[in-house]
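Novice: Pasting a structure here, questions to come.
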Amino acid sequence: MNPVATQKDNAGVVNAYKQQLMFITQQKQQMQFQANVFESTIKELEKTKEKKVFKGVGNIFIQKDVSDVLVETKDTIQTINQRIKSLEKQESEVLKKLNELTRKDDKSSKKGKEENEEDVEGIA
């Protein structure tokens, strides 16, 4: 098998995995940001002495019981945390594949260099 062709094929796959990793990392960061916002919301809802609060729904605000909004917010943050765990698992799998390909690429390039050196020695 031609090591140069294999390296080019692997380079495309490696780039695809790098892009996928970047996308997953961005999604994870967005989810973590949302989780932080909802954590702050929960703290404020737990501190308030009000019985009702306004909740934004689309382009309007509706008045709801604090307890209802607190339950909804906790459910939402639970869903976000599950999504973050899922993204972390995907991130780990992509990193593992990327590292495997990089190691294979390194081995191929070393092997290709050794073969080229042998060819040069045979010519001289």
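The values are calculated or read from the model by the stated rules, or taken from the named source; none is laboratory data. This one's a predicted model, so the numbers in the text were calculated from it and none came from an experiment. All Cβ positions, even for glycine, are placed from backbone atoms using ideal geometry, and neighbour counts span all protein chains on display.
Novice: Just the residues that are surrounded by fewer than 10 Cβ atoms within 10 Å (Cβ to Cβ) and either in contact with a Leu (Cβ under 9 Å, 6 or more places away or on another chain) or closer than 26 Å to Leu87 by Cα (or both), please, taken from segment 44-65.
Specialist: Across segment 44-65, the qualifying residue is only Glu46.
Novice: Quick test of your reading of the structure: Ile84 fulfils all but one of (1) crowded, with 16+ Cβ neighbours inside 10 Å; (2) closer than 30 Å to Asp106 by Cβ; (3) within 16 Å of the chain's Cα centre (by Cα). Name the failing condition by number.
Specialist: The one condition Ile84 does not meet is (2).
Novice: Take the residues of segment 1-43 that are exposed (fewer than 15 other Cβ atoms within 10 Å of the Cβ), of a type in the set (Lys, Arg) and over 20 Å from Asp75 (Cβ atoms): which is modelled with the highest pLDDT?
Specialist: Lys18
Novice: What pairs come out if I take residues in segment 15-26 that are among the acidic types (Asp, Glu) and pair them with residues that are modelled with pLDDT under 95 and surrounded by 11 or more Cβ atoms within 10 Å (Cβ to Cβ) whose C-beta lies under 8 Å away, six or more apart or interchain?
Specialist: Short answer, once both residue conditions are applied: none.
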